[in-house]
Each structure stands twice: as structure tokens, then as C-alpha cells.
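Colleague: Let me give you the structure first, and then I'll get to my questions.
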Amino acid sequence: MDPKERMELIRQGNQAFNEGDIRKARECFLKTEYKDGLIRLGDHFMFEKKLPILAYGYYKKAGYQRRIDEIFQRMLWALSQWIGPDKFKTTEPERKAPDPEDFVVHPILRQTALDILKKNGMSI
């Protein structure tokens with residue numbers, strides 16, 4: 001895309017955004033990869049429409065790391081509230097060695113294992 005065509009599309013996108021035609025503005029800003037316009041779209045969805053996940057995509061496309069980090073932190077906070085602090089355990093449960101008596105071995109498998117041991121000169 002030549003610079004003149006890009007500038008015209010950016011101008012159309014800005015005009016559409018100011019008139020409330022978000023769809024047309026989106027099309028123009030995405031086609032030209034106009035970062036300021038993409039950030040404006042992100043702000044529109046973040047603050048006016050209260051749709052942070054949708055805003056995240058526009059901020060990501062524009063490379064607006066500050067807002068990306070902010071949304072990410074909000075998502076982590078919301079997830080921690082949803083899961084609850086009692087779900088975060090810092091200690092691991094005590095592990096014990098498995099008890100051979102807890103396992104049931106099929107008789108054919110047992111006999112095959114014993115035959116292999118006997119063949120190799122070992123016994124139990």
C-alpha cells in the first residue's frame with residue numbers, strides 16, 4: 001500500500017470512528033495497521049463497552065504493552081477471586097512408598113514374570 005492510500009484510509013478510519021462507525025474504523029485501522037487507531041479501538045472496547053478481552057486483541061495488534069499487562073493482571077486477579085485463596089496450597093501432601101500389597105497381579109502375568117526370573121537365574 002502506498003503512503004498516499006494509507007493516509008487516506010487512516011483519515012477515513014478516524015472520521016468513521018469520530019462518527020461512531022466502529023466497524024468501518026476497524027476495517028481501515030486494521031488494513032493500514034495504524035497503531036494509534038487500534039489503540040483507540042481498544043480504549044473504546046475497554047472503557048466504553050466494558051469488553052476487556054476484545055480490547056486486548058486491539059492492544060496486542062498495536063503492541064500497547066502497558067494495557068496488555070493491565071488486562072493480564074486483571075484477569076489473574078479475577079481468576080484468583082473465582083478460584084478462592086483456599087485453593088492455593090503451598091505444602092505438598094506427604095508421599096509414602098507404594099505398598100506391594102496394594103497391587104493385584106493377574107495370575108498369568110505373575111507366572112510369566114516368575115518364569116522370566118527363573119530363566120535368568122533369579123528367584124524370589
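Colleague: If contacts are Cα pairs under 8 angstrom and at least 6 residues apart, what is the relative contact order of region 16-83 in percent?
Modeller: On the way: 53 pairs, mean separation 14.5, N = 68.
Relative contact order here is 21 percent.
Colleague: A further question on this structure: Do any chymotrypsin sites (Phe, Trp or Tyr not before Pro) in region 15-51 lie in a DSSP loop with no more than 16 other beta carbon atoms within 10 Å, and if so, which?
Modeller: Values: sites: Phe17, Phe29, Tyr34, Phe45, Phe47; in loops: Tyr34.
Sparse-neighbourhood loop chymotrypsin sites (Phe, Trp or Tyr not before Pro): none present.
Colleague: At 1.4 Å probe size, with every protein chain present, just tell me what the per residue accessible area of region 3-85 comes to in Å².
Modeller: On the way: 5720 Å² over 83 residues.
Per-residue accessible area for region 3-85 comes out at 69 Å².
Colleague: Leaving out ligands, DNA and RNA, what percent of the accessible area of region 3-85 is carbon and sulfur, probe 1.4 Å? Can you show the working numbers first?
Modeller: On the way: 3180 of 5720 Å².
Solvent-exposed carbon and sulfur of region 3-85 make up 56 percent of the total.
Colleague: Gly57: net charge of surrounding residues, Cβ under 12 Å, Lys/Arg +1, Asp/Glu -1, itself excluded?
Modeller: Local net charge: +4.
The values are calculated or read from the model by the stated rules, or taken from the named source; none is laboratory data. Just so you know, these numbers come straight off a predicted model, no measurement behind them. Heads up, the Cβs are rebuilt from the backbone with ideal geometry, glycines too, and the neighbour counts pull from every protein chain shown. The protein model used for the area step is the full one, side chains on, heavy atoms only, and it has no ligands, DNA or RNA in it. Shrake-Rupley method; radii C 1.70, N 1.55, O 1.52, S 1.80 Å.
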